[in-house]
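The values are calculated or read from the model by the stated rules, or taken from the named source; none is laboratory data. In this text the structure is predicted, and so the values were computed from the model without any measurement. We place every Cβ from the backbone using ideal geometry, glycine too, and count neighbours over all the protein chains shown.
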Amino acid sequence: MDRIRHVLGVLAAVLYGPGLLYWFLIHPWARTWRRLGPTRTYLIVGPALAVISVLLFPIRGPLLGRDLGTNWILIGLGTILLVLLAWLGLAYDRHMTHLNLTTRMGIPEVSSQTQQTLVRDGLYRIVRHPVYLSAILWGISYALIVNYVGTYVLFAAAPPVFYAITVLEERELVDRFGESYRQYQREVPRLIPRWR
């Protein structure tokens, strides 16, 4: 189990940060990317992120930090949270055909060809950014399973980073959808659901 946790930790250390950086590269310059189109955008952004991951790999040890050991209670808690997130995702994904892989990769942000509709149903009735909220919760469960100091630091830093990403994304969404998105912002919270 120690080897599996180590491999999972290395994957987090070299892929998660560049994965977050992707959205910081896309949202502020969405208009420029739209002019270039998805293919050119991904030919620019993809290799840049791959280079960052390759540069992070040699320093994976310091990034991971101290191994806190295999803790079956934490692995159990992390697994339960992952199963709940998977169940919730599957339950809502059946009704949300718009939330496919191309949408999650940011194709609507970089393509002027895709049909743009503001989605307000399903999980989007509860929070404006359910995918980011699930990524935060996924990160917590992942850190519990891996149990390295570096993964706790990485995933503890994720909520403010995701918040910053939502700020950038919402500027772009207001640009795309105008007043209808502003109305949506007034009615639905960003990341933390309101309890009624």
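A few comments on the model shown:
- Test result for residue 157, more than 19 Å from residue 29 (Cβ to Cβ), at pLDDT 90 or above, aliphatic (A, V, I, L, M) and touching a Ser or Thr at 6+ places or on another chain (Cβ under 7 Å): no
Residues are listed down the side, and each one gets a yes or a no for (1) in a helix (DSSP H, G or I); (2) in contact (Cβ under 8 Å) with a residue 12 or more places away in the chain; (3) in contact with a Gly (Cβ under 8 Å, 6 or more places away or on another chain):
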{"position": "123", "(1), (2), (3)": "yes, yes, no"}
{"position": "133", "(1), (2), (3)": "yes, yes, no"}
{"position": "138", "(1), (2), (3)": "yes, yes, no"}
{"position": "144", "(1), (2), (3)": "yes, yes, yes"}
{"position": "150", "(1), (2), (3)": "yes, yes, yes"}
{"position": "154", "(1), (2), (3)": "yes, yes, yes"}
{"position": "160", "(1), (2), (3)": "yes, no, no"}
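- Residue match in the range 59-73 (condition: out of contact with any Pro (no Cβ under 7 Å at 6 or more places or on another chain), hydroxyl-bearing (Ser, Thr, Tyr) and at pLDDT 90 or above): yes
- Boolean, residue 127 is farther than 29 Å from residue 2 by Cβ, out of contact with any Asp or Glu (no Cβ under 9 Å at 6 or more places or on another chain) and at pLDDT 80 or above: yes
- Residue 50 being surrounded by 18 or more Cβ atoms within 10 Å (Cβ to Cβ), among the small types (Gly, Ala, Ser) and under 30 Å from residue 173 (Cβ atoms): no
- Candidate set: the range 116-157, residues that are among the β-branched types (Val, Ile, Thr) and under 21 Å from residue 183 (Cα atoms); chosen: the one surrounded by the most Cβ atoms within 10 Å (Cβ to Cβ): 127
- Looking only at residues in the range 53-79 that are over 20 Å from residue 17 (Cα atoms) and free of Cβ contacts under 8 Å to residues at least 40 places away in the same chain, the one that is surrounded by the most Cβ atoms within 10 Å (Cβ to Cβ) is 76.
- The condition of being modelled with pLDDT of 90 or more, among the hydrophobic types (A, V, I, L, M, F, W, C) and either loosely packed, with under 14 Cβ neighbours inside 10 Å or over 14 Å from the mean Cα position of the chain (by Cα) (or both) does not hold for residue 91.
- Summed over the range 158-171, residues that are surrounded by fewer than 18 Cβ atoms within 10 Å (Cβ to Cβ) and either hydroxyl-bearing (Ser, Thr, Tyr) or in contact with an Asp or Glu (Cβ under 9 Å, 6 or more places away or on another chain) (or both) total 1.
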